[in-house]
Amino acid sequence: LFENVYRIIGAENGEAWAKVINAFSTLGYNLFWKILDAADYGVPQSRERLFIVGLKKGEFIFPWPTHGPESRASRPYHSSGLAVKNLNLGKVKNGLGGRHGHLLKQIPPGLNYSFYSEKLGYPNPIFGWRTKFSDYLYKADPERPVRTIKAQGGQYTGPFSWENRAFTTQELKRLQTFPDCYEILGSRQKEIHQIGNSVPPQMSRMLALSILNQVF
């Protein structure tokens, strides 16, 4: 079982992907792959990644979504607000610093810096339309999964909490589906780096169960 960013498929005009397939083929493996969104499997985060399962015999079918409009029971997505509910945070730092930190407060949940653009009707535009990356001052909507948690980013890289502050690492662990008891070491930036680089445990669980049922 392998995971990576889906852009690997098109890297080097597809030559890199062909090398991956050929390398495993010489070892007797057939590769089955699909781009999956973690939100479709109970993770309170929209996170699209490429997943590959290699088998020496037989076929593999990726699991059907358990959440969202494509799920068989039309089960709603696991929302970010529900994910971090009842988490004892103690004292947290409110607001953001720097030149644009004060702007976060007015941004509605689910939007980003574009709230302050002419296109969205802001009377005195601060930013031009699509002049920043999409996570710039992005504030999460508690009723929906958050956008992808980044391993690295600048001072204004979201997601930020709907409470107008940065998410704590405890909250980010919940949004990535790590158990509260799971210990991540290092500075805050190193903790975020590890969380953002990881595969959500709930996603790993769903694929492991699928492999268990189909292969073993």
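Measuring nothing but how far apart in sequence close Cα pairs (under 8 Å, 6+ apart) lie, relative to its length, the stretch 93-165 scores a relative contact order of 32 percent.
What number comes out for the charge environment of residue 213, summing +1 per Lys or Arg and -1 per Asp or Glu over other residues with Cβ under 14 Å away? Local charge sum for residue 213: 0. Each Lys or Arg adds one and each Asp or Glu takes one away; over the other residues whose Cβ falls under 10 Å from the Cβ of residue 117, this sums to +2. Once the chain from residue 215 to residue 56 is taken as fully extended at 0.36 nm per residue, the excess over their C-alpha distance is 56.2 nm. Subtracting the Cα-Cα distance of residue 129 and residue 6 from their residue separation scaled by 0.36 nm leaves 41.6 nm. Contact order for the chain, expressed relative to its length and based on alpha carbon pairs under 8 Å spaced 6+ residues apart, stands at 19 percent.
Assuming R0 = 30 Å, can you tell me the calculated FRET efficiency for the pair residue 185 and residue 89, based on Cβ-Cβ distance, to the nearest 0.05? Using R0 = 30 Å, I get an efficiency of 0.95.
Dipole check for the chain: with +1 at the C-beta of Lys and Arg, -1 at the C-beta of Asp and Glu, and the Cα centre as origin, the magnitude is about 400 Debye. Summarising the label geometry, the points placed 7 Å from Cα in the beta-carbon direction at residue 118 and residue 48 lie 3.0 nm from one another.
Taking a straight line from the alpha carbon of residue 19, these lysines sit under 29 Å away, with near neighbours fewer than eight places off in the same chain left out: 34, 56, 57, 150.
Between the Cα long axis of helix 15-26 and the first principal axis of the chain there is an angle of about 40°, rounded to the nearest 10. Taking a straight Cα-Cα cut-off under 20 Å and skipping sequence neighbours fewer than 8 places away in the same chain, the lysines within cross-link reach of residue 91 are 105, 173.
Relative contact order of the stretch 129-197, taken over Cα pairs closer than 8 Å and 6 or more residues apart, is 32 percent.
As a test, work out the antiparallel percent of DSSP beta bridges whose residues both lie in the chain, rounded to the nearest 5.
90
Note on residue 2: accessible area is roughly 90 Å² with a 1.4 Å probe, heavy atoms of protein only. Near the amide H of residue 45, within less than 5 Å, lie the amide hydrogens of 39, 146, all on another chain or at least 5 residues away, with H placed in the peptide plane. Counted by Cβ distance under 9 Å from residue 87, the other residues give a net charge of 0, where Lys and Arg count +1 and Asp and Glu count -1. Just want the answer: with Cβ charges of +1 for Lys and Arg and -1 for Asp and Glu, which residue in 167, 128, 114 is farthest toward the dipole's positive end in the stretch 96-167? Checked the options; the winner is 128.
Between the helical axis of 201-215 and the longest alpha-carbon principal axis of the chain there is an angle of about 20 degrees.
The values are calculated or read from the model by the stated rules, or taken from the named source; none is laboratory data. Keep in mind that this is a model prediction, so the values were computed, not measured. Positions of Cβ are generated from backbone atoms using ideal geometry, with glycine treated the same way; all protein chains shown enter the neighbour counts. Remember, those area values only see protein heavy atoms, side chains included, never the ligands or the DNA or RNA. Shrake-Rupley method; radii C 1.70, N 1.55, O 1.52, S 1.80 Å.
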